[in-house]
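Q: Before anything else, here's the structure in question.
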Amino acid sequence: MAKGGKDNVHFPHRHLLGIEGLSPEEISILLDRSETYVNQNRRADKTTPLLHGRTIINLFFEDSTRTRTSFELAGKRLGGDLINMSVATSSVKKGETLIDTAMTLNAMHPDVLVVRHPHSGAVKLLSEKVNCAVINGGDGSHEHPTQALLDALTIRRRRGGLSGLQVAICGDILHSRVARSNIHLLNTMGARVRLIAPKTLIPPEVERLGVEIFHDMNEGLRDCDIVMMLRLQRERMHGNFLPSIREYFHFFGLDYEKLSNAKEDALIMHPGPMNRGVEIDTDVADDVGRSVIREQVEMGVAVRMAVLELLALNPDNGGNA
Ligand code: NCD
């Protein structure tokens with residue numbers, strides 16, 4: 001069996017803080033390695049002892065279902081010791097700073113910290129203070145690299161590749177770290193990206209990232225291969241971004257009528273959590289022929305296994321005794 005980070009596969013980074021700056025080859029290394037784990041996760045025995053003796057800490061300062069659970073499963077399926085730090089019951093509630101929390105955990109010699117934080121840049125800051133590998137599990141509206149990787153793996157397995165595909169990312173782009181990581185990844189891998197959203201939910205100067213902007217779903221979805229829907233991140237909205245949810249669904253919610261503009265076999269994606277009837281019609285979300293939303297979740301475990309393996313066993317990290 002290939003030992004990944006141990007011998008033939010090498011990912012030349014200490015941390016995974018974002019997709020921005022990764023080369024197509026580095027992204028392919030992560031996706032190829034993830035493929036192995038898709039197969040492993042479909043077996044009755046899903047574990048390997050690759051990370052035996054390694055410690056992984058999930059440190060989530062924001063709510064999460066998919067990301068936290070899949071990192072937990074990924075670490076356990078690789079034979080590592082994984083603990084979940086519940087911030088709600090930690091010393092953070094007693095006023096401890098992010099850096100002090102990180103330094104405290106660092107003193108316990110973890111091999112990998114998986115961190116989610118509401119502020120953009122907080123995970124990078126933390127990575128500069130600790131000795132172990134750090135994986136960004138989502139920082140503010142900045143990046144969510146493992147989400148973009150699992151989206152790419154889902155698309156690649158369904159379409160054979162990413163290059164040349166027309167991908168529409170629709171909804172609350174402004175607050176979405178998923179959108180930002182996906183834009184970087186899709187552009188790097190040769191796909192074409194369109195963003196579809198009301199003017200108030202498009203970040204300023206986003207065109208500089210090499211995307212096309214649309215404010216009309218019917219126009220923007222025309223001939224797309226992939227339709228990625230995003231949740232309205234109301235927890236990050238300070239002020240009035242939308243007239244009403246009803247109106248939002250009418251103009252920007254994905255229903256069969258709007259979807260008919262995309263290619264007939266266009267895939268429907270959503271990172272979750274979904275708000276049915278807000279950004280996506282419930283029948284579209286559950287369309288077994290076209291929606292790959294559950295597959296995205298499955299791919300998430302495989303991608304996180306690959307990332308954990310390649311970082312924890314990276315000899316440059318000093319983690320591979
Ligand atoms: C996303 C996130 O947390 O950025 N969810 C996820 O990780 N699957 C998107 C969201 O919260 O809407």
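The values are calculated or read from the model by the stated rules, or taken from the named source; none is laboratory data. Predicted model only: the values in this text are computed from it and were never measured. Cβ: placed from backbone, ideal geometry, glycine included. Neighbour counts: every protein chain shown. Calculation scope for accessible area: heavy atoms of the full protein, side chains included, ligands and nucleic acids excluded. Shrake-Rupley method; radii C 1.70, N 1.55, O 1.52, S 1.80 Å.
Q: Relative to the compact globular guide of 2.2 N^0.38 Å, what is the alpha carbon radius of gyration of segment 263-321, as a ratio?
A: Numbers: Rg = 17.3 Å, N = 59, 2.2 N^0.38 = 10.4 Å.
My calculation over the Cα atoms of segment 263-321 gives 1.67.
Q: In addition: Less than 14 Å Cβ to Cβ from Gly138, Lys/Arg counted +1 and Asp/Glu -1: what total charge do the surrounding residues give? The partial results should precede the final answer.
A: Numbers: positive: Arg66, Arg68, Arg116, Lys124, Arg177, Arg180, Arg231, Arg236, Arg304; negative: Glu62, Asp63, Asp139, Glu143, Asp151, Glu235.
For residues surrounding Gly138, the net value is +3.
Q: Could you order Glu309, Glu264 by accessible surface area, starting with the largest, using a probe radius of 1.4 Å?
A: Details: Glu309 0, Glu264 170 Å².
So the residues, ranked largest to smallest area, are Glu264, Glu309.
Q: Could I ask something else about it? Based on the mean of other Cβ atoms within 10 Å per residue, sort peptides 234-242, 30-38, 247-255 so the most packed one is first. Working shown, then result.
A: Details: 234-242: 11.9, 30-38: 20.2, 247-255: 18.3.
Output ranking for 234-242, 30-38, 247-255: 30-38, 247-255, 234-242.
Q: I would also like to ask the following. May I ask you to compute the full-extension gain from Asp286 to Thr65, defined as 0.36 nm times their residue separation minus their alpha-carbon distance, rounded to one decimal in nm?
A: Details: separation 221, 0.36 × 221 = 79.56 nm, distance 1.93 nm.
This chain segment gains 77.6 nm when fully extended.
Q: With a 1.4 Å probe and every protein chain left in place, tell me how much accessible area Met85 has, in Å² to the nearest 10.
A: For Met85, the solvent-accessible surface is approximately 50 Å².
Q: Turning to a different aspect of this structure: What does the convex hull of the Cα atoms come to per residue for the chain, in Å³?
A: 133
Q: Please report the antiparallel percentage of DSSP beta bridges with both residues in the chain, rounded to the nearest 5.
A: Details: 1 of 36 bridges.
Close to 5 percent.
Q: Let me ask something additional. So between Glu264 and Arg236, what do we pick up on full extension, going 0.36 nm a residue minus the alpha carbon distance?
A: Values: separation 28, 0.36 × 28 = 10.08 nm, distance 3.44 nm.
Gain on extension, Glu264 to Arg236, equals 6.6 nm.
Q: Moving to a separate point now. Multiply the residue separation of Glu219 and Glu25 by 0.36 nm, subtract the distance between their alpha-carbon atoms, and state the gained length in nm to one decimal.
A: Numbers: separation 194, 0.36 × 194 = 69.84 nm, distance 3.33 nm.
So the extension gain works out to 66.5 nm.
Q: Leaving ligands, DNA and RNA out of it, rank Arg208, Arg77, Arg43 by accessible area with a 1.4 Å probe, largest first. Mind dumping the intermediate values first?
A: Working: Arg208 190, Arg77 45, Arg43 115 Å².
Heavy-atom accessible area, descending, gives Arg208, Arg43, Arg77.
Q: Shifting gears a bit: Among Gly171, Gly95, Gly53, whose mean-square fluctuation peaks in a Gaussian network model of the chain (Cα, cutoff 10 Å)?
A: Gly95
Q: On to the next question. For the chain, what is the charge dipole size about the Cα centre, in debye to the nearest 20, if Lys and Arg each add +1 at the Cβ and Asp and Glu each add -1 at the Cβ? Numbers along the way, then the final one.
A: Working: 38 positive and 41 negative charges, 140 e Å.
The calculated dipole for the chain is roughly 680 debye.
Q: Shifting gears a bit: For Leu73, what is the net charge nearby, where nearby means another residue's Cβ is under 12 Å from its Cβ and Lys, Arg count +1, Asp, Glu -1? Before the final figure, lay out each step's value.
A: Details: positive: Lys46, Arg66, Arg68, Lys76, Arg77, Arg304; negative: Glu72, Glu298.
Within the 12 Å Cβ shell, the charges total +4.
Q: Continuing with this model, one more query. In the structure shown, do any of Lys46/Lys263; Lys129/Lys199; Lys94/Lys124 have a Cα-Cα gap over 27 Å, and if so which?
A: Working: Lys46/Lys263 36 Å; Lys129/Lys199 38 Å; Lys94/Lys124 23 Å.
The answer is Lys46/Lys263; Lys129/Lys199.
Q: So for Glu62, Glu257, what's the accessible-area order with a 1.4 Å probe, most first?
A: The most accessible residue leads, giving Glu257, Glu62.
Q: Given an 8 Å cut-off on Cα distances and at least 6 residues of separation, report the relative contact order of segment 2-86 as a percent.
A: Numbers: 73 pairs, mean separation 22.8, N = 85.
Contact order relative to length: 27 percent.
Q: Could you tally the net charge around Arg231, taking each other residue with its Cβ under 15 Å from the Cβ of Arg231, Lys/Arg +1 and Asp/Glu -1?
A: Net of charged neighbours comes to -1.
Q: Which value at 222 nm does the chain reach when only helices count, each DSSP H run of 4 or more adding -39,500 (n - 2.57), with the total divided by all residues and rounded to the nearest 500 deg cm²/dmol?
A: Working: 11 runs with 112 residues, N = 321.
Helix-only estimate at 222 nm: -10500 deg cm²/dmol.
Q: Also, I was wondering about something else. At 20 °C and 1.002 mPa s, what whole-number value in µm²/s does Stokes-Einstein give for the translational diffusion of segment 1-136, with Rh from the Kirkwood sum over Cα pairs?
A: On the way: Rh = 16.1 Å.
Using the Kirkwood radius from Cα pairs, D works out to 133 µm²/s.
Q: Using protein chains only and a probe of 1.4 angstrom, how many square angstrom of His119 are accessible, to the nearest 10?
A: Answer for His119: close to 120 Å² accessible.
Q: What order do you get for 188-195, 172-179 when each peptide is scored by the mean count of other beta carbon atoms within 10 Å, highest first? Kindly include the intermediate steps, with their values, before the conclusion.
A: On the way: 188-195: 19.8, 172-179: 25.0.
So the order, starting with the most tightly packed, is 172-179, 188-195.
Q: Could you order the peptides 146-152, 214-220 from most to least packed, using the average number of other C-beta atoms within 10 Å per residue? Kindly include the intermediate steps, with their values, before the conclusion.
A: Numbers: 146-152: 27.3, 214-220: 17.0.
Ranking the peptides 146-152, 214-220 by packing returns 146-152, 214-220.
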